[in-house]
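No value in this document is a laboratory result; all are computed from the given coordinates. Values in this document were obtained by computation on a predicted structure and should not be read as measured data. Please note: Cβ atoms are built from the backbone with ideal geometry, for glycine as well, and neighbour counts cover all protein chains shown.
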Amino acid sequence: MGKIKTAKQMERHFKGVANHHRIEILLLVAKREGITLEEITETLRVNEKTIGEHTRRLHQAGLINKNYRGKFVEHTSSPYGKTFIRFLKSFQQI
């Protein structure tokens with residue numbers, strides 16, 4: 001098991017998912033690893049600039065990874081993101 005996180009470190013991750021669009025994006029990325037910004041925008045039917053900002057915040061929070069492939073950016077779940085996804089899915093069932 002890893003190192004115990006401080007309250008400040010946990011705050012960073014929780015703020016990363018503190019928006020319904022970011023939760024939707026995180027769950028979508030978990031289903032479709034390597035999904036591009038354009039695909040996220042089409043699937044969620046939300047403005048590209050809005051999705052771009054939310055993916056930026058998820059990346060800053062350490063919950064998703066961005067891999068640059070030419071003009072496209074592929075999004076994958078980070079290890080912390082996978083932990084949050086498990087939490088969100090279990091919380092959904094309560």
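In table form, for the structure just shown:
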| read-out | value |
| --- | --- |
| Where GLY81 falls short, out of the listed (1) more than 9 Å from the chain's Cα centre (by Cα); (2) assigned to a helix (DSSP H, G or I) | (1) |
| Segment 42-64: number of residues that are buried (at least 17 other Cβ atoms within 10 Å of the Cβ) and without any contact (Cβ under 8 Å) to a residue 24 or more places away in the chain | 1 |
| Some residue of segment 1-12 being aliphatic (A, V, I, L, M), outside any helix (DSSP H, G or I) and closer than 29 Å to GLY70 by Cβ | no |
| Count of segment 6-41 residues which are without any contact (Cβ under 8 Å) to a residue 40 or more places away in the chain, among the basic types (Lys, Arg) and over 16 Å from LYS82 (Cβ atoms) | 1 |
